[in-house]
Amino acid sequence: MKNVDYIIVGDGYAGFFFAHQLIRNNKTFVMFSEKKKSASQVSAGIINPVVLKKFTTFWKAQEQIDFLKNTLKEIENYTGQNYLIDAPIHRIFHDENEQSLWLKKSGNDDLLNFLDKNFDRLNVVKNDFLSGKVNQSARLNVNGFFTGLFDFLDKSGKLIREKFIYSDIDVERSTYQDFTFKNILFCEGMGVVQNPFFSDVPVNPNKGHHIKVELSEKITENITIKKKHFLFPVNDRLYFYGGTYDREQLHHEIDESAVEQLKKGLMEFYPHPFEIKDINFGFRPTVKDRRPIIGRHPEHHNLYVFNGLGARGILNGCYFSKSLYDFIENNIPLHEEVDLKRFIIKS
Ligand SMILES: Cc1cc2nc3c(=O)[nH]c(=O)nc-3n(C[C@H](O)[C@H](O)[C@H](O)COP(=O)(O)OP(=O)(O)OC[C@H]3O[C@@H](n4cnc5c(N)ncnc54)[C@H](O)[C@@H]3O)c2cc1C
């Protein structure tokens, strides 16, 4: 029998940010990865404190941004890589009304650190009404982050590239196959619907597509452009544009109407030829009240869930991994807005 403090099931943002909490606290663990491309791996990597439709802040925006930036520095200490890309979001305005709304909101206490009062004219793209910069916004190098962390866990013998089999858990004895564990943390994203212990956790899939395109005219600024969706370079050749939102078409294939929507969206502000080179999609685990779901199983106190990260997997995943760790290890109560207890879970 191998003894571990934790088994983590799932290898997206929830799983990896929780793994980081375990690493910094010298806990032993293994992570199960079923080798599928997670929603996290197809995400854009946008780190954004502002809701860009209405120009309002995201919940606990400053705290979450600060915490993420610190955490990424800590991760850099053991992977040797910086995954934070300093390329602020520029939101292209549709009209003068949006400009005035932005300016008005930029005076609000909660937004003044985020909405830049000086507007910018961007090169190459159409921006007749200029663009507003979101201060403190950035991007995660998604590919680098997952490559670096998978590699780190693999080399330290903590990664198990297998599907976790729920029926092999003995909750009374705290064993799973040839492991004994103190706790299991389930971070399966939409895969949670297969989990007999947490299958009624109310997460709903929201399917998102992105495209990777070759642009005939390169964007000259080191920024992330937001118009309908996000546009930014992924390497010398390709740009990312996405992602869409769809709660209806939930099949596991590419949806042509989503691709069409992305093409149209890009053509609205990029007036030059481009070619689609790749299409990907994933399922965001979303919750009606737009808050993550974190907590302990009502009957089996060695089983925990970390899910519902929604459209903000990076900020939510990073910030609430610490809340969950403190809850399990230090008995610090969970914020009631994220606590699993707000829902009735059958045991
Ligand atoms: C197109 C798109 C763009 C996005 N852009 C952004 C963005 O820019 N910024 C942002 O913050 N968020 C973004 N998101 C949202 C973000 O991706 C999600 O919030 C996040 O991925 C959820 O992370 P998770 O770890 O809960 O789940 P997931 O990323 O889905 O990871 C769960 C993993 O667990 C594995 N798993 C499940 N069951 C088992 C099992 N039994 N055994 C082993 N492994 C198992 C799954 O295969 C999966 O790999 C985007 C999402 C999409 C789809």
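The values are calculated or read from the model by the stated rules, or taken from the named source; none is laboratory data. Everything numeric here is computed off the predicted structure, so don't read it as measured data. Positions of Cβ are generated from backbone atoms using ideal geometry, with glycine treated the same way; all protein chains shown enter the neighbour counts.
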(request) Kindly indicate whether any position in the range 153-166 is surrounded by 17 or more Cβ atoms within 10 Å (Cβ to Cβ), of a type in the set (Phe, Trp, Tyr) and part of a helix (DSSP H, G or I). (result) no
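Taking the options GLU299, GLU248, GLU253, name whichever one is part of a loop (DSSP other than H, G, I, E, B), under 28 Å from TRP59 (Cβ atoms) and not basic (Lys, Arg).
Exactly one of GLU299, GLU248, GLU253 is part of a loop (DSSP other than H, G, I, E, B), under 28 Å from TRP59 (Cβ atoms) and not basic (Lys, Arg), namely GLU248.
Working only within the range 131-148, note down all residues that are in a strand (DSSP E or B), under 16 Å from the mean Cα position of the chain (by Cα) and either free of Cβ contacts under 8 Å to residues at least 60 places away in the same chain or under 15 Å from ILE75 (Cα atoms) (or both).
Residues of the range 131-148 that are in a strand (DSSP E or B), as a first pass: 131-134, 138-140.
Next cut, under 16 Å from the mean Cα position of the chain (by Cα) only: 138-140.
Answer for the range 131-148, where residues must be in a strand (DSSP E or B), under 16 Å from the mean Cα position of the chain (by Cα) and either free of Cβ contacts under 8 Å to residues at least 60 places away in the same chain or under 15 Å from ILE75 (Cα atoms) (or both): just LEU140.
Within the range 111-130, track down each residue that is part of a loop (DSSP other than H, G, I, E, B) and either under 29 Å from ILE75 (Cα atoms) or of a type in the set (Gly, Ala, Ser) (or both). Break it down into steps so the answer makes sense when it comes.
In the first step, residues of the range 111-130 are kept if they are part of a loop (DSSP other than H, G, I, E, B); the result is 111-114, 121-130.
Once the filter is applied, which keeps residues that are part of a loop (DSSP other than H, G, I, E, B) and either under 29 Å from ILE75 (Cα atoms) or of a type in the set (Gly, Ala, Ser) (or both), the range 111-130 yields LEU111, ASN113, PHE114.
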(message) Taking the conditions exactly as written (surrounded by 15 or more Cβ atoms within 10 Å (Cβ to Cβ), under 22 Å from ARG247 (Cβ atoms) and polar (S, T, N, Q)), does ASN302 satisfy them or not?
(response) no
(request) Could you tell me whether the range 315-330 includes any residue that is among the hydroxyl-bearing types (Ser, Thr, Tyr), over 22 Å from the mean Cα position of the chain (by Cα), on the phi < 0 side of the Ramachandran plot and assigned to a helix (DSSP H, G or I)? (result) no
(request) Find the residue count for the range 232-258, including only residues that are within 12 Å of the ligand (Cβ to nearest atom) and either buried (at least 20 other Cβ atoms within 10 Å of the Cβ) or among the hydroxyl-bearing types (Ser, Thr, Tyr) (or both). (result) 8
(request) Please work out which one of (1) part of a loop (DSSP other than H, G, I, E, B); (2) crowded, with 16+ Cβ neighbours inside 10 Å is the condition ASN82 fails and give its number. (result) (2)
(request) Search the range 58-84 for residues that are more than 15 Å from ARG24 (Cα to Cα) and pair each with any residue that is assigned to a loop (DSSP other than H, G, I, E, B) when their beta-carbon atoms are under 6 Å apart and the residues are at least 6 apart or on different chains. (result) PHE58/PRO49; ALA61/PRO49; ILE65/PRO49; ILE65/GLN136; TYR83/ASN141
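Name every residue in the range 42-57 that is without any contact (Cβ under 8 Å) to a residue 12 or more places away in the chain and not in a loop (DSSP other than H, G, I, E, B), in order of residue number.
Across the range 42-57, the qualifying residue is only VAL51.
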(request) Answer yes if at least one residue in the range 192-204 is modelled with pLDDT of 95 or more and in a strand (DSSP E or B), and no otherwise. (result) yes
(message) Residues to consider are GLU34, GLU74; find the one that is among the charged types (D, E, K, R) and in a helix (DSSP H, G or I).
(response) GLU74
(request) Go through ASP170, ASP151, ASP120, ASP128 for me and flag whichever is charged (D, E, K, R), within 25 Å of the chain's Cα centre (by Cα), on the phi < 0 side of the Ramachandran plot and away from the ligand (no atom under 16 Å from the Cβ). (result) ASP151
(message) Just the residues that are surrounded by fewer than 21 Cβ atoms within 10 Å (Cβ to Cβ) and within 14 Å of the ligand (Cβ to nearest atom), please, taken from the range 44-59.
(response) VAL51, LEU52, PHE58, TRP59
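So that you can scan it fast, the table gives a plain yes or no per residue for (1) among the polar types (S, T, N, Q); (2) farther than 13 Å from THR71 by Cβ; (3) free of Cβ contacts under 8 Å to residues at least 12 places away in the same chain; (4) near the ligand (Cβ under 6 Å from one of its atoms):
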site: MET1; (1), (2), (3), (4): no, yes, no, no
site: ILE8; (1), (2), (3), (4): no, yes, no, no
site: PHE16; (1), (2), (3), (4): no, no, no, no
site: ALA19; (1), (2), (3), (4): no, no, no, no
site: ILE23; (1), (2), (3), (4): no, no, no, no
site: LYS27; (1), (2), (3), (4): no, yes, no, no
site: VAL30; (1), (2), (3), (4): no, yes, no, no
site: LYS35; (1), (2), (3), (4): no, yes, no, no
site: SER40; (1), (2), (3), (4): yes, yes, no, yes
(request) Name, by its number, the condition in (1) under 17 Å from the mean Cα position of the chain (by Cα); (2) free of Cβ contacts under 8 Å to residues at least 24 places away in the same chain that does not hold for LYS264. (result) (1)
(message) Filter the range 337-347 down to the residues that are part of a loop (DSSP other than H, G, I, E, B), of a type in the set (D, E, K, R) and at pLDDT 95 or above and list them by number.
(response) GLU337
